[in-house]
Amino acid sequence: MSNSKLYKGSLNTIILQLLNQHDKMYGYEITQKVKALTKGELNITEGALYPALHKLEAEGLLDVEVAKVDNRLRKYYKLTETGTKETVNKLEELAEYIRTMQALVNPKLA
Amino acid sequence: MKLTEPQIQQLYTFTQKHYVDWYDVQTELVDHLANGIETQLEENPNLTFESALHFEFKKFGVIGFSDVIEEKIKALNKHYQLLVWHYFKDFFKLPKIILTLFFVWGYFQILIAVPNRLWVVGVSSFLLFVIPIYKIYKQSQRIKRIKKQTNKKWLFDNTSLQLGGMIQSLNIVIQIGFFNRDAIWSNAFSLSFSVAIVLFSLALYIAIYIVSPKLRKDMAKQQPDYKFA
């Protein structure tokens, strides 16, 4: 990540939103998608991604499916019903945060 | 370029050498490393498999996979405890609350009716210790058998075996037998003790007989390789 401290708090929201837009995704795919969408600006580290995914899974926000792809097993993540609801809340929280920051750093635009 | 079957096996061995013992955790890491290596080899066909692997592993940072494992264990324990809590709450709603209250009342009646209270407390703590230990022993035998047959260990199974961290609470059971041994118990104290022992037994029952089998069933559904022995 270009500034990991700033992005860190939003990692769960990023993951949830990506899964909201795609039916199911696997870890590596998430890292590549984020990289592509942000044109390389945001690079989710492996050491941060998997703990976040496992935590969201433990909280019942993600469901898991393991499938054989090529000659190996792949673990896919998808949103549960609770996960879909939580994504809406998290996105609202993030939007509110962005508005507040905007008001603080650039009051003219807010 | 897709990795070959022996290369995938090499990645499993690699994760094992880097202290990832659990097949369910290895599988996800192997796929991640394999994807990264394949991308690198496509971009630079002159690169060797080993150098690409070295580069991908470096992305996990200086402590390698340890953080991923540690956090996964924490997450699974939390998941286990949340499940126990979910079923535990059911015992305070109708109709199960009737059963809970009946157990408390029944235990309290026995406690005040039996002249030597130590017998009641002693037998309850003995049962609360021996039954879980027996079940855990049977589970560990099953895990060993699976390991022998398939050469795989599952973190899920280990979490079940540790009752999601609740296994530590069995230490309390040993203390119960010697709890407030010589004092005279008032009825209010006996009732509180009955409530505590029933709630504790319920939590253990839910963990051993509901949550652990549920986890195994979920795992069998999720992981095609999981031997539901």
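Check B:P224 against each of (1) within 14 Å of chain A (Cβ to nearest Cβ); (2) free of Cβ contacts under 8 Å to residues at least 60 places away in the same chain; (3) surrounded by 15 or more Cβ atoms within 10 Å (Cβ to Cβ) and name the one condition it does not meet.
It fails just one condition, (3).
Limited to the range B:30-42, what total is found for residues that are touching a Lys or Arg at 6+ places or on another chain (Cβ under 7 Å) and free of Cβ contacts under 8 Å to residues at least 12 places away in the same chain?
Count: 1.
Go through (1) within 14 Å of the chain's Cα centre (by Cα); (2) on the phi > 0 side of the Ramachandran plot for B:G64 and report which single condition fails.
All conditions are met except number (1).
Every residue in the range B:15-26 that is more than 10 Å from chain A (Cβ to nearest Cβ) and either assigned to a helix (DSSP H, G or I) or polar (S, T, N, Q) (or both), please.
Within the range B:15-26, B:T15, B:Q16, B:K17 meet the criteria.
Restricting the search to the range B:108-128, which residues are within 23 Å of B:I206 (Cα to Cα) and either basic (K, R) or crowded, with 18+ Cβ neighbours inside 10 Å (or both)?
B:F108, B:V120, B:V121, B:S124, B:S125, B:L128
Can you pull out the residues in the range B:34-64 that are more than 16 Å from B:Q10 (Cβ to Cβ) and either surrounded by 15 or more Cβ atoms within 10 Å (Cβ to Cβ) or within 12 Å of chain A (Cβ to nearest Cβ) (or both)?
Those that are more than 16 Å from B:Q10 (Cβ to Cβ) and either surrounded by 15 or more Cβ atoms within 10 Å (Cβ to Cβ) or within 12 Å of chain A (Cβ to nearest Cβ) (or both): B:T39, B:K58, B:K59, B:F60, B:G61, B:V62, B:I63, B:G64.
Exactly one of these conditions fails for B:K93: (1) surrounded by fewer than 16 Cβ atoms within 10 Å (Cβ to Cβ); (2) basic (K, R); (3) assigned to a helix (DSSP H, G or I). Give me its number.
Going through the list (1) surrounded by fewer than 16 Cβ atoms within 10 Å (Cβ to Cβ); (2) basic (K, R); (3) assigned to a helix (DSSP H, G or I), B:K93 breaks only (3).
Table: residues versus (1) at the interface with another protein chain (Cβ under 9 Å from one of its Cβ atoms); (2) without any contact (Cβ under 8 Å) to a residue 12 or more places away in the chain; (3) under 19 Å from the mean Cα position of the chain (by Cα).
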{"residue": "B:M1", "(1), (2), (3)": "no, no, no"}
{"residue": "B:T13", "(1), (2), (3)": "no, yes, no"}
{"residue": "B:E28", "(1), (2), (3)": "yes, yes, no"}
{"residue": "B:Y80", "(1), (2), (3)": "yes, no, yes"}
{"residue": "B:Y107", "(1), (2), (3)": "no, no, no"}
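Going residue by residue through the range A:83-101, is there one that turns out to be buried (at least 18 other Cβ atoms within 10 Å of the Cβ), in contact with a Gly (Cβ under 9 Å, 6 or more places away or on another chain) and either of a type outside the set (D, E, K, R) or within 14 Å of chain B (Cβ to nearest Cβ) (or both)?
Yes, some residue in the range A:83-101 is buried (at least 18 other Cβ atoms within 10 Å of the Cβ), in contact with a Gly (Cβ under 9 Å, 6 or more places away or on another chain) and either of a type outside the set (D, E, K, R) or within 14 Å of chain B (Cβ to nearest Cβ) (or both).
Given the conditions (1) within 14 Å of another protein chain (Cβ to nearest Cβ); (2) part of a helix (DSSP H, G or I), which single one is not true for A:Y76?
The single condition A:Y76 does not satisfy is (2).
Find the helices (runs of 4 or more DSSP H) located wholly in the range B:112-229 whose residues include 3 or more that are aromatic (F, W, Y), and list them.
Per the criteria, B:117-150, B:187-205.
Output yes when any residue across the range B:129-140 is closer than 19 Å to B:N158 by Cα and of a type in the set (G, A, S), and no when none is.
For the range B:129-140, residues closer than 19 Å to B:N158 by Cα and of a type in the set (G, A, S): present.
Any residue at all in the range A:3-14 that is in a loop (DSSP other than H, G, I, E, B), in contact (Cβ under 8 Å) with a residue 12 or more places away in the chain, within 12 Å of chain B (Cβ to nearest Cβ) and surrounded by fewer than 19 Cβ atoms within 10 Å (Cβ to Cβ)?
No - not one qualifying residue is present in the range A:3-14.
Here, each number is a calculation from the coordinates, and none is a lab measurement. Please read these numbers as outputs of a predicted model, since none were measured by experiment. Reconstructed Cβ throughout: ideal geometry from the backbone, glycine too, with neighbour counts over all protein chains shown.
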